[in-house]
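The values are calculated or read from the model by the stated rules, or taken from the named source; none is laboratory data. Quantities reported herein were computed from a predicted structural model and do not represent experimental measurements. As a convention, Cβ positions derive from the backbone with ideal geometry for all residues, glycine included, and neighbour counts pool all protein chains shown.
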Amino acid sequence: MTERAGTTGLIMNEPLLWEKTKPGRMGISIPKSDVAAAPLDPEFVGEGPNFPDLSEVDVVRHFTRLSQWNFGVDTGMYPLGSCTMKYNPKIHEKIAALPGFAGAHPMLPPDLAQGILRIMYELEQFLCEITGMDATTLQPAAGAHGELTAMLLFYAYHKRKGEKRTKILIPDTAHGTNPASAALCGYASIPVTSGHDGVLSVEAVEALMDEETAGIMVTNPNTLGLFEENIRKVAEVVHGKGGLVYGDGANMNAVMGIVKMGEIGIDAIHLNLHKTFSTPHGGGGPGSGPVCVRKHLEPFLPVPRVIKNGDDYALQYNRPDSIGKIHAFHGNFGILIRAYSYILSMGRHLKTASQHAVLSANYIKERLKDVLHLPYDRPCMHECVFTDKNQEDFKITTLDMAKRLMDYGFHPPTIYFPLVVHGAIMIEPTETEPKENLDQFIEAFKVIVKEAAETPELLREAPTAPKVRRLDEATAARKPCLCG
Amino acid sequence: MRYLPHTNEDVTEMLQVVGAANLDDLFSSIPEECRFKGELNLPPDMTEWELTDHMTALADRMASPPGYRIFLGAGSYPHFIPTSVHYLLGRSEFSTAYTPYQPEISQGTLQAIFEYQTLTARLLGMEVANASMYDGASALAEALLMAIRIERGKKTTVAVSKLIHPHYRKVVQTYFKPTGYRIIELPYLPDGSTDLSAVDEIENVAAIALQSPNFFGCIENIKAASDKAHALKALSVVCFTEPLAYGLFKNPGSQEADIVCGEGQSLGIPQSFGGPGLGMFASLNKYVRNMPGRLIGQTTDQDGKRGFVLTLATREQHIRRERATSNICSNQGLCATMSTMYMASVGGTGIRKLARLNLNKAEYLKSELKKAGFRMPFERPGFNEFVVEFPKGFESTYQKLVGKKIVAGIPIECHYPELAGHYLLCATETHSKADMDALVKEVTS
């Protein structure tokens with residue numbers, strides 16, 4: 001193959017913060033005091049935390065070295081399935097840091113916060129347009145928080161009709177957080193098995209849906225990267241029994257401008273702004289999980305709602321059917337601002353983004369299906385799912401191949417998910433990865449498959465290039481050391 | 001479009017490999033009746049330069065410092081953030097990574113969060129802290145659910161102080177609505193602390209929850225609440241909105257709290273209209289398996305080198321599904337990292353100085369307002385915010401002050417109808433004596 005992306009370089013060791021402490025050092029400039037010292041009641045005074053004392057240079061060097069042990073989207077291809085690790089535009093960081101936004105207090109009187117309220121109002125409109133829904137709440141702080149919000153909406157909707165439903169249908173190809181979100185609302189998850197073609201059948205839903213069931217949580221496209229083609233009929237069945245259809249929009253990156261969820265029977269959908277709308281994933285967050293709903297769920301949305309009167313924006317609290325608040329303030333506004341900026345920068349290109357994301361996934365699927373086992377050989381959406389079945393004879397697993405990919409300079413795909421596929425390898429390249437990188441990734445994977453057959457020990461020993469090798473996770477869990 | 005690298009030639013080549021005639025063909029698996037045929041009705045795409053102008057104009061419509069002098073706290077506090085923290089956070093190896101599922105190439109995130117857990121535990125006086133929750137409000141809701149879980153669902157009532165941030169109590173109510181669990185609010189005493197005597201009347205209490213400093217800015221007697229809770233075989237839950245206070249005052253752990261949670265925005269995170277902030281969450285070791293959220297643990301690699309991994313994942317939703325301790329997946333990782341950079345920068349010496357300065361500033365403003373004849377209804381000591389009663393008709397003075405670019409606190413009557421004309425004011429190290437003198441001069445003129 002051509003030159004590998006992955007190589008080794010000088011990586012620095014770095015102790016834990018408190019191993020570097022030297023009492024008397026300080027990394028912050030303490031403002032001068034221009035007022036008298038107030039008396040202190042010793043009854044309340046404590047010792048203060050045992051924080052390390054470090055100079056500014058100690059802190060800067062510490063975190064710079066730590067950052068170099070990390071792999072991010074800016075480092076290289078990060079095809080983590082279902083996470084949409086697309087490029088995060090740099091201008092958004094500058095915009096979010098504008099003092100007017102970064103220094104804004106969340107309880108400012110609305111007439112002093114018109115700039116932000118306008119952004120929130122317009123972002124709600126944009127997300128409604130993209131999903132084909134009627135109203136949006138921006139409060140949920142992440143995807144799972146959005147799922148919970150939607151389940152609370154379902155609960156409130158049924159309650160308003162004088163019903164208490166106890167169950168919710170969740171297909172085996174739905175996202176992993178769905179059952180836990182439903183459980184927080186007291187719903188028992190009823191699993192629905194997907195058909196042999198990887199999608200939901202109307203019959204399977206029909207057999208389980210009844211008047212005790214609040215609705216169904218469908219991830220569409222599902223976690224196999226397949227479009228739920230029976231979704232309209234599934235929705236009819238669920239609606240027929242008085243239930244509601246929830247769409248997990250984590251995979252929205254496949255269908256912007258191509259499918260409007262509000263038009264195909266979905267009643268509520270959450271979006272992951274940190275996936276589809278390019279906000280940085282932050283090493284695990286902060287995300288943002290707005291929920292878009294059809295008209296009949298709007299009365300139940302969290303308060304306050306941003307409303308527009310003429311040219312002015314205001315906050316509305318008095319909504320008797322609202323589920324209440326789901327966040328202390330207005331959600332992760334700093335993330336909303338990045339998503340808003342992204343939509344304004346992309347405009348009509350959002351559809352192109354989805355087309356290219358789907359093209360790239362299908363391209364990888366076509367070029368790797370000769371060497372990797374492809375359980376569902378049909379056109380995929382924005383991600384494709386392989387397995388390690390072809391490597392079984394060599395006793396090489398998905399994990400071994402994933403670890404070996406690191407040595408070649410790639411972040412591994414999502415592995416062992418979805419659970420319906422044994423040894424799953426879920427690849428989501430996104431639209432922002434140039435073709436040359438896709439080719440290099442494909443080539444690296446082919447070399448790894450060859451290595452699996454010829455020199456399997458290279459895979460079992462992998463990775464060898466990163467700062468640390470495989471870690472002892474069993475001991476970490478058996479004898480937890482969670483605090484230094 | 002600069003974020004879309006595929007050229008027309010790339011697209012043609014790739015379509016050929018895929019065996020599709022054009023881009024629309026890629027979506028053949030989507031039934032015709034599910035497809036949207038029109039064009040999205042969105043504004044025309046902006047250049048980077050148009051976007052910058054547009055956003056700058058919107059930012060300029062915000063009443064934020066330095067143009068405005070804002071005396072607001074109530075869960076979101078203005079503090080200086082060292083430039084080095086912003087600079088380090090700009091390292092995109094941190095910001096453009098995701099959850100550290102692959103520890104070998106995520107040690108930066110993992111060690112930083114392990115350090116966050118440790119410094120958080122030290123700040124709060126607890127044994128173990130998780131990798132973060134969404135915000136202070138959802139952290140409190142999860143803490144109360146955790147307390148009920150620890151009691152194995154046998155005790156299903158929580159006693160929640162009325163002096164916990166009203167928004168936090170609303171979020172707790174939202175989380176609790178479908179559960180059938182009961183929330184009983186504890187009234188407050190004339191001195192501005194929680195009246196714990198009402199707890200004795202309540203049956204089946206799983207937890208007593210206080211906030212300290214509380215919504216009125218007063219320091220609570222956490223020890224008394226913990227004693228009361230433990231006498232009832234319930235848990236003592238303490239929440240906070242201003243963690244900087246623990247740089248000076250006794251932390252909740254030293255007063256025998258069992259679960260401590262709250263908002264960490266004060267620790268180096270911009271206010272950003274209330275988010276993203278940082279839900280901090282800590283408890284005693286014995287409750288760790290009931291904790292929500294991610295945990296990072298120390299371990300070794302094959303060669304015996306120190307390293308860090310996500311651990312105790314069997315509590316979490318992706319393994320345990322509906323029996324998980326919470327549904328949380330994405331958290332506030334980058335904010336946790338930012339607060340670690342901040343806590344490392346202020347250090348043990350700095351945090352005490354900074355906390356002392358906050359107290360001094362607020363006490364100065366308080367004493368000047370007192371001198372000017374305004375009443376402070378609550379005598380209990382506070383940290384950097386306090387309640388003041390302004391005379392009837394103060395609304396017009398408030399508007400006049402806004403005209404002078406001063407925002408004189410938050411009226412709290414909407415949350416406490418008995419406190420008409422009462423405002424919550426905050427002063428931190430960012431407020432100069434001159435700012436405070438200007439405020440006092442304007443409210444009295």
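Things to note:
- With respect to (1) part of a helix (DSSP H, G or I); (2) within 7 Å of another protein chain (Cβ to nearest Cβ), the lone exception for B:Gly75 is condition (1).
- Top-ranked residue in region B:233-253 [being within 7 Å of chain A (Cβ to nearest Cβ) and either over 17 Å from B:Gly268 (Cα atoms) or aromatic (Phe, Trp, Tyr) (or both); ranked as surrounded by the most Cβ atoms within 10 Å (Cβ to Cβ)]: B:Tyr246
- Selected residue [more than 7 Å from chain A (Cβ to nearest Cβ) and of a type in the set (Asp, Glu)] from B:Glu256, B:Glu322: B:Glu256
- Here region A:306-345 is the region considered, the condition is being in contact (Cβ under 8 Å) with a residue 60 or more places away in the chain and among the charged types (D, E, K, R), and the residue that is farthest from the other protein chains (Cβ to nearest Cβ) is A:Lys308.
- Of the criteria (1) buried (at least 23 other Cβ atoms within 10 Å of the Cβ); (2) touching a residue at least 24 places away in the same chain (Cβ under 8 Å); (3) not hydrophobic (A, V, I, L, M, F, W, C), which one A:Gly103 fails: (2)
- Selection of first residues in region B:1-21 that are closer than 30 Å to B:Leu51 by Cα and of second residues that are β-branched (Val, Ile, Thr) and surrounded by 11 or more Cβ atoms within 10 Å (Cβ to Cβ), restricted to Cβ pairs under 8 Å at least 6 apart or on distinct chains, gives the following pairs, ordered by first then second residue: B:Met1/A:Thr352; B:Tyr3/A:Thr432; B:Leu4/A:Thr352; B:Leu4/A:Thr432; B:Pro5/A:Thr432.
- Evaluating A:Gly324 against the criteria (1) under 30 Å from A:Phe441 (Cα atoms); (2) not assigned by TED's automatic domain parsing to the domain that holds A:Thr397 leaves one unmet condition, (1).
- Flag for B:Asp227 being of a type in the set (Asp, Glu) and either closer than 18 Å to A:Val45 by Cβ or surrounded by 24 or more Cβ atoms within 10 Å (Cβ to Cβ) (or both): no
- For region B:1-26, the candidate set comprises residues that are exposed (fewer than 14 other Cβ atoms within 10 Å of the Cβ) and hydroxyl-bearing (Ser, Thr, Tyr); within that set, the residue that is nearest to the chain's Cα centre (by Cα) is B:Thr7.
- For region B:84-106, residues that are at the interface with another protein chain (Cβ under 7 Å from one of its Cβ atoms), in a helix (DSSP H, G or I) and hydroxyl-bearing (Ser, Thr, Tyr) total 3.
- Candidates B:Leu357, B:Leu369, B:Leu365: the one that is in a helix (DSSP H, G or I), more than 10 Å from chain A (Cβ to nearest Cβ) and crowded, with 20+ Cβ neighbours inside 10 Å is B:Leu369.
- Note on region B:126-150: residues that are surrounded by fewer than 24 Cβ atoms within 10 Å (Cβ to Cβ), of a type in the set (D, E, K, R) and either under 17 Å from A:Thr149 (Cβ atoms) or out of contact with any Leu (no Cβ under 8 Å at 6 or more places or on another chain) (or both) total 1.
- Any strands (runs of 3 or more DSSP E) falling wholly within region A:172-260 and containing at least 2 residues that are modelled with pLDDT of 95 or more and crowded, with 24+ Cβ neighbours inside 10 Å: A:213-219, A:244-249
- Of the residues making up region B:181-202, those that are farther than 17 Å from B:Thr241 by Cβ and in contact with a Ser or Thr (Cβ under 7 Å, 6 or more places away or on another chain) are B:Tyr181, B:Arg182, B:Ile184, B:Leu186, B:Ile202.
- Enumeration of residues in region A:114-138 that are facing chain B (nearest Cβ under 9 Å) and outside any helix (DSSP H, G or I): A:Gly132
- Total residues in region A:272-296, condition buried (at least 24 other Cβ atoms within 10 Å of the Cβ), within 12 Å of A:Thr136 (Cβ to Cβ) and not hydroxyl-bearing (Ser, Thr, Tyr): 6
- For B:Thr179, the conditions (1) modelled with pLDDT of 95 or more; (2) β-branched (Val, Ile, Thr); (3) surrounded by fewer than 20 Cβ atoms within 10 Å (Cβ to Cβ) are fulfilled apart from (1).
- Meets criteria (more than 7 Å from chain A (Cβ to nearest Cβ), touching a Phe, Trp or Tyr at 6+ places or on another chain (Cβ under 8 Å) and either on the phi > 0 side of the Ramachandran plot or among the hydroxyl-bearing types (Ser, Thr, Tyr) (or both)) for B:Ser339: yes
- The condition of being out of contact with any helix residue (DSSP H, G or I) (no Cβ under 8 Å at 6 or more places or on another chain) and at pLDDT 95 or above holds for A:Asn309.
- Going through (1) surrounded by 24 or more Cβ atoms within 10 Å (Cβ to Cβ); (2) more than 8 Å from chain A (Cβ to nearest Cβ) one by one, B:Gly153 falls short only on (1).
- Taking (1) within 12 Å of another protein chain (Cβ to nearest Cβ); (2) closer than 20 Å to A:Pro299 by Cα; (3) surrounded by fewer than 22 Cβ atoms within 10 Å (Cβ to Cβ) in turn, A:Glu163 satisfies each apart from (1).
- Looking only at residues of region A:299-325 that are among the charged types (D, E, K, R), surrounded by 15 or more Cβ atoms within 10 Å (Cβ to Cβ) and more than 24 Å from the chain's Cα centre (by Cα), we find that the one that is nearest to A:Gln125 (Cα to Cα) is A:Arg305.
- When every residue of region A:71-78 is checked against the conditions, none turns out to be under 22 Å from B:Ser330 (Cβ atoms) and not in a loop (DSSP other than H, G, I, E, B).
- Qualifying residue in region A:171-180 (condition: more than 23 Å from the chain's Cα centre (by Cα), of a type in the set (Gly, Ala, Ser) and not assigned by TED's automatic domain parsing to the domain that holds A:Cys380): no
- Unmet requirement for B:Met1, which otherwise passes all of (1) modelled with pLDDT of 95 or more; (2) facing another protein chain (nearest Cβ under 7 Å): (1)
- Cβ-Cβ contacts under 9 Å between residues 6 or more apart (or on different chains), taken from a first residue in region A:20-46 that is more than 23 Å from B:Lys250 (Cα to Cα) and more than 8 Å from chain B (Cβ to nearest Cβ) to a second residue that is part of a loop (DSSP other than H, G, I, E, B) and hydroxyl-bearing (Ser, Thr, Tyr), are listed as A:Lys22/A:Ser55.
- B:Gly279 meets the stated requirement of being buried (at least 24 other Cβ atoms within 10 Å of the Cβ), small (Gly, Ala, Ser), in the same structural domain as B:Thr118 (by TED's automatic domain parsing) and closer than 21 Å to B:Leu140 by Cβ.
- Pick from region B:215-232, criterion outside any helix (DSSP H, G or I), over 15 Å from the mean Cα position of the chain (by Cα) and of a type outside the set (S, T, N, Q), ranking: nearest to the other protein chains (Cβ to nearest Cβ): B:Ile219
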